[in-house]
Amino acid sequence: MGFEVVVRPAVFPNIRPPAARALSIEDAPDKGIASISGGNSQLVDLTYTMSSSWSRSRMVEVIRHYDKARIYYTRPDGTLDRDQYWEFEVLRSIEFLENGTTKIGQQFAPFQELDNVEIIDRGLSRKNPDLQS
Amino acid sequence: MPAGLPYFAWVDASETTFTSGHMRWDENVFSFTCEQSEGDPANLTVVVKRPRNVSGDPIGLLGPGRKIWCWFALDCGTALFKFRGRLVGVPTSIFEELVTLEFVARPFDVVAQKQALAETLKVLPFYDEVVIDPERRSDPEVVLEGYSAIWHYDRETHMLTISDELDGEDGLIEFDGASEAGKVLYDGLGLTLTSGPLARVDLTAEYTWTQQAYGTVELGKYLSKNWPSIYATQPYVITSYTLSADNWPKAGAGLGDGWEVGESTAWDLYDTQVRNIKSESETTVKWYDGATTNVKHSASVDSMFAPPASLVFGPIVTANDYKTTYARDELGEYAASFQSNFSQVVSVLPMHHIQVTLNAAYTAGRPCTELVSISLVADVQHILTDPEDGEALRLDGIKSVNLSETIGEGEAAYVPIGDARRRSYIATARGNQSVEHLIALARAHLLKRSRVVEISFAPKLSRMAEITLRKNAFIIEPRIGEATGKVIGYTLALDGADGRIDCEVRIGCAIGRGGSQVASGGDPTYCEEAYTGADYQQFTARTVLFDTSVGYAPPNADPNDDGINFLSTLTAADVIDQPLVIENGPVAQRAAILDNVYMGGWSLPPVPFASILFPETAQERLQARSTDVANVLKEHETKATFKLKSMTREFSTPYDIQVTDVKIPTGYDLEVV
């Protein structure tokens, strides 16, 4: 028997790689759930608004100034019949009261005489009889 | 020279070739024993006359400058039995006339030789580095694990080789019992049974890898298709009274184990922005006399486009008044002005129509294990009355490295599983080689342990020069019959007392039944084999030969996993684990609101009718309606849940590999003895 003895190859467990990490094989049903949620919806209020109004001012006649004129009838043949006529008051201007203040309204030019028109009187005036004095 | 004459020559280490010059007598050999057993180097014990110098003084055998190598030869008549060895240890009986020297035929570079040889043996299927710890791969002893072989030290050249334990590589030495040289001596014949044969090896192995993959799966169509709706919507459109585009998961948001949103889009199909339209008119009339009349009208309308299925709540009048103002002048009282105001509020709960896309990105890292079981049975003669009593060996604890990680370096580097996305390793070509390695492991044990019969005999000296441990021997002897076995040891000895030379050879004989296995093509599972070749598709009932002694059925991939095949394009159907569940979808939300919130406006009981026409309480009722709706929606918030298959889950699949019996040579037939 020699001094040196070569033993047969022996294979020990430590030649193997270490065991892999251990995980749970069974999947947990309540794990890994994907969730989509959220939101904060509110009512959307749609407003409809309508507004209408009217206002007016009123003028009160105090005195009017006028001329007086007469218009004769013109026959069909163009001649005048001075026995038949109409008399008119031709307004020259009116004074109004608006909120207690006197205002002169629109003024008109004097009425012009014509063949069949005769100015009887000018510069006449008449107060509003409805006004209390 | 006469047979039986020994030669002994001290030589330098460099004299590795025996020449006639070594046939000398540097020492007077009184006796010697040269023996070698399987797996060991040969050793020589020589008893020589104590060497002296010319002055008659003893020579120090271990003195500096002394040669420690020797060539020893014994003339066997037909050839020389040669031995080259190195003096080892301290000579015994050093002060006596006869000194015992011990030599061993062990190469001085045994480590380097073994390392170099081991590198050549690292071939599949006999050596599978995936089941060897990286720290132990350089260990040369490990490589023989799958071989039925053992180291062999040549007693002359000191060349290290391996030799099969059943089938010697250098031929057969026959002792036929007929020829003169083929006879063995009557004395010295022996037969022993070393142990019972190993009948079965049960082996389990774990192959692990990390299934790795990454990519995206389009989920938008799946989610929209399975999303409940009040009426049919287009693909990729979902509806809810609460969920809006802002709530859709954004890129990077988690979707489960190993999942996150890769890319997503969401936008509302309908613009629900409230727009306001105002209209105004004013008319002033100046009369002839300077008087004026002023008429004004204005309106404001909020409007929006109510998406389909939106809920519209009836109007609540918040203002409805009018007033006439009178004035007095010099003519008396008159109506000077008039004003009326009207407002109402209609409420809308818009239905969100969201066009969505969602690409779910996965990063898989799933530990996978394949548990391979093999039960290999040896076809051996039973030496026990009940074959069930035969010894079985269990090999456990065989584990692989991570098969998805690179092994080796440089050009030799490779990933054992090839593609880390695979679901199975053992069914791959490389995996089949691992199966074959396991068979090689079990087969090696069975073959080694089948050599139950050990026969020793004494051949004639003339045959001893032929004997090496790389040969088989065949013997016919009337007392034992015929036997063939591997030479497992020999002894050649000279007894100086009587000058007798003893020769002994020991052989180990397997007690198998012989025969060989036959391959079977099996049945292809896809198409005729000729169409694609044998390595393209899977087969059933197929037997592939490991070698002529054993075959196995390559396993078909049958992973016990969740079915995801990362090698193909994944769809939602592939990855959905738990289907989409919608809590409080639009249908349920609508029903809840209709059940709990009054939808009308004008005839809201029990509020008195008058209060509606004169809406002092309108703001309270508007607030109440809004609160009611908010509370209902809070309790009925849409929530969508689903579960994607885990990308971190571990899977384990058992494979029971079907194998044939291991055919073992009949070295000795115990059944005819």
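Quick notes
- All of (1) modelled with pLDDT under 75; (2) within 27 Å of B:TRP209 (Cα to Cα); (3) of a type in the set (S, T, N, Q) hold for B:ASN556 with one exception: (1).
- Any hit, segment B:34-50, residues being farther than 26 Å from B:PRO459 by Cα and either acidic (Asp, Glu) or under 53 Å from the mean Cα position of the chain (by Cα) (or both): no
- The number of residues in segment B:229-250 that are more than 14 Å from every other protein chain (Cβ to nearest Cβ) and out of contact with any Lys or Arg (no Cβ under 9 Å at 6 or more places or on another chain) comes to 6.
- Some residue of segment B:400-410 being within 15 Å of the chain's Cα centre (by Cα) and away from chain A (no Cβ under 14 Å): yes
- Candidates B:THR406, B:THR468, B:THR428 - the one that is polar (S, T, N, Q) and surrounded by fewer than 16 Cβ atoms within 10 Å (Cβ to Cβ): B:THR406
- Exclusive hit being in contact with a strand residue (DSSP E or B) (Cβ under 8 Å, 6 or more places away or on another chain), surrounded by 13 or more Cβ atoms within 10 Å (Cβ to Cβ) and assigned to a strand (DSSP E or B), set B:ARG86, B:ARG106, B:ARG155: B:ARG86
- The residue of segment B:158-172 that is farthest from the chain's Cα centre (by Cα), among those that are of a type in the set (A, V, I, L, M, F, W, C) and in a loop (DSSP other than H, G, I, E, B), is B:MET159.
- Strands (runs of 3 or more DSSP E) lying entirely in segment A:33-120 (those with 2 or more residues that are more than 35 Å from the chain's Cα centre (by Cα), over 30 Å from B:PHE338 (Cβ atoms) and within 8 Å of chain B (Cβ to nearest Cβ)): A:33-37
- Any hit, segment B:515-533, residues being at pLDDT 85 or above, crowded, with 19+ Cβ neighbours inside 10 Å and not basic (Lys, Arg): yes
- B:ALA630, sole failed condition from (1) modelled with pLDDT under 90; (2) within 11 Å of another protein chain (Cβ to nearest Cβ): (1)
- All strands (runs of 3 or more DSSP E) inside segment B:478-581 with 2 or more residues being out of contact with any Leu (no Cβ under 8 Å at 6 or more places or on another chain): B:481-495, B:500-509, B:544-547
- Of the listed requirements (1) part of a loop (DSSP other than H, G, I, E, B); (2) away from chain A (no Cβ under 12 Å); (3) over 30 Å from B:GLN658 (Cβ atoms), B:PRO307 misses just one: (2).
- Number of the condition not met by B:CYS368 [criteria: (1) buried (at least 16 other Cβ atoms within 10 Å of the Cβ); (2) facing chain A (nearest Cβ under 7 Å)]: (2)
- Single condition B:GLY56 does not satisfy, out of (1) over 18 Å from B:ALA493 (Cβ atoms); (2) touching a residue at least 12 places away in the same chain (Cβ under 8 Å); (3) in a loop (DSSP other than H, G, I, E, B); (4) not polar (S, T, N, Q): (2)
- The set of residues from segment B:262-299 being farther than 30 Å from B:SER347 by Cβ and more than 9 Å from chain A (Cβ to nearest Cβ) comprises B:GLY262, B:GLU263, B:SER264, B:THR265, B:GLU282, B:THR284, B:LYS286.
- Qualifying position, being under 36 Å from the mean Cα position of the chain (by Cα), within 12 Å of another protein chain (Cβ to nearest Cβ), without any contact (Cβ under 8 Å) to a residue 24 or more places away in the chain and not in a loop (DSSP other than H, G, I, E, B), among B:GLU135, B:GLU119, B:GLU145: B:GLU135
- Residue list for segment B:317-350, filter: among the hydrophobic types (A, V, I, L, M, F, W, C) and more than 9 Å from chain A (Cβ to nearest Cβ): B:VAL317
Quick grid of which residues meet (1) modelled with pLDDT under 95; (2) at positive phi; (3) not charged (D, E, K, R):
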site: B:HIS352; (1), (2), (3): yes, no, yes
site: B:THR363; (1), (2), (3): no, no, yes
site: B:PRO367; (1), (2), (3): yes, no, yes
site: B:ARG394; (1), (2), (3): yes, no, no
site: B:LEU403; (1), (2), (3): no, no, yes
site: B:THR428; (1), (2), (3): yes, no, yes
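- Residue match in segment B:123-144 (condition: within 22 Å of B:GLU169 (Cβ to Cβ) and of a type in the set (Gly, Ala, Ser)): no
The values are calculated or read from the model by the stated rules, or taken from the named source; none is laboratory data. All values reported here derive from a predicted model rather than from experimental measurement. Cβ sites come from the backbone with ideal geometry, for glycine too, and all protein chains shown count toward neighbours.
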